[in-house]
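**Q** Structure provided below as structure tokens; questions to follow.
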Ligand SMILES: [Zn+2]
């Protein structure tokens, strides 16, 4: 580059104003200059690209390839561990859902699929059981894991579980036990860990949320903690329940109900699984 500029600036300008070579050299002068020396060896070898000299450039490329290879291994590993978590906690009956089975709720599945690239809080509800809410929540979880695989390296770094799948019953029980000081520390700390995992994980599924009443203050407290943090961090969450969000007013403790409902209504896409209209 310097040789070109020297060559250009040495050429004779015409008498009338700037020659085209002057203009060209002015343009070149105004361009940001390349690095003075190689960022790796700081030596005199000819500059090559990306801040490296021609000797160091191939090595830097090798380093990048090596890092990509390591990242893709972590990625594969994290995806597999997310699947393994689901396999441990979701029953085989749900995992082996046959989407062509006559009782599978294909019309709701089609509706959910249309929306699942959008906001990442979903609320599936139906009064009737056997509407495939849990099955479709599982299919969504699989889709989500595949979609967010690129972030799997971050899952590792944050130290949070990629996926937590909790039954509403178990969640309520954990909220209740967390404050039962008489039970001994191990049960208490187990309950505490479970709620922390639900708060922080990258994808949370709360299945059959209000099967057990959540009106006690300790359960409502726990649920509020989870909603508040996940709302702030915009972490993906799927709920299945027997009624729409506003119905929670009757199920939750008054202390938190309005705050919880407002955040759920703001973030969730609601699907009525009793409504079969496509
Ligand atoms: Zn170098």
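**Q** Just to be sure, is residue 36 farther than 30 Å from residue 198 by Cα, modelled with pLDDT under 80 and within 16 Å of the ligand (Cβ to nearest atom)?
**A** Judged against the criteria, residue 36 is a match.
**Q** All but one of (1) without any contact (Cβ under 8 Å) to a residue 60 or more places away in the chain; (2) over 19 Å from residue 87 (Cβ atoms); (3) within 18 Å of the chain's Cα centre (by Cα) hold for residue 142, so report the exception by its number.
**A** With respect to (1) without any contact (Cβ under 8 Å) to a residue 60 or more places away in the chain; (2) over 19 Å from residue 87 (Cβ atoms); (3) within 18 Å of the chain's Cα centre (by Cα), residue 142 is out only on (2).
**Q** Could you grab the pairs with beta carbons closer than 7 Å, sequence gap of 6+ or different chains, first residue in the stretch 38-54 and part of a strand (DSSP E or B), second one near the ligand (Cβ under 6 Å from one of its atoms) and modelled with pLDDT under 85?
**A** 53/43; 53/45
**Q** So, one more: In the stretch 96-114, which residues are under 15 Å from residue 142 (Cα atoms) and surrounded by 13 or more Cβ atoms within 10 Å (Cβ to Cβ)?
**A** Step one: of the stretch 96-114, the residues under 15 Å from residue 142 (Cα atoms) are 96-99, 109, 112-113.
Hits for the stretch 96-114 are 97, 109, 112, 113.
**Q** Sort through 65, 82, 110, 146 and tell me the only one that's in a helix (DSSP H, G or I), away from the ligand (no atom under 16 Å from the Cβ) and in contact with a strand residue (DSSP E or B) (Cβ under 7 Å, 6 or more places away or on another chain).
**A** After ruling out the rest, the residue left standing is 82.
**Q** For residue 229, indicate whether it is within 17 Å of residue 203 (Cα to Cα), in the same structural domain as residue 206 (by TED's automatic domain parsing) and touching a helix residue (DSSP H, G or I) at 6+ places or on another chain (Cβ under 8 Å).
**A** yes
**Q** Related question: Going by what's in this entry, would residue 253 be described as in the same structural domain as residue 118 (by TED's automatic domain parsing) and under 17 Å from the mean Cα position of the chain (by Cα)?
**A** No.
**Q** Just checking, which of 50, 29, 71 is surrounded by 11 or more Cβ atoms within 10 Å (Cβ to Cβ) and at positive phi?
**A** 50
**Q** Can you name the number of the only condition in (1) within 16 Å of the ligand (Cβ to nearest atom); (2) surrounded by 12 or more Cβ atoms within 10 Å (Cβ to Cβ) that residue 77 fails?
**A** Only one criterion in (1) within 16 Å of the ligand (Cβ to nearest atom); (2) surrounded by 12 or more Cβ atoms within 10 Å (Cβ to Cβ) is unmet by residue 77, namely (1).
**Q** Check 229, 204, 194, 183 and return the single one that is surrounded by fewer than 19 Cβ atoms within 10 Å (Cβ to Cβ) and either touching a residue at least 24 places away in the same chain (Cβ under 8 Å) or touching a strand residue (DSSP E or B) at 6+ places or on another chain (Cβ under 9 Å) (or both).
**A** Being surrounded by fewer than 19 Cβ atoms within 10 Å (Cβ to Cβ) and either touching a residue at least 24 places away in the same chain (Cβ under 8 Å) or touching a strand residue (DSSP E or B) at 6+ places or on another chain (Cβ under 9 Å) (or both) holds for just one of 229, 204, 194, 183, which is 229.
The values are calculated or read from the model by the stated rules, or taken from the named source; none is laboratory data. Here the structure is a predicted model, which means the values were calculated and not measured. Here Cβ is always computed from backbone atoms with ideal geometry, including for glycine, and neighbour counts include all displayed protein chains.
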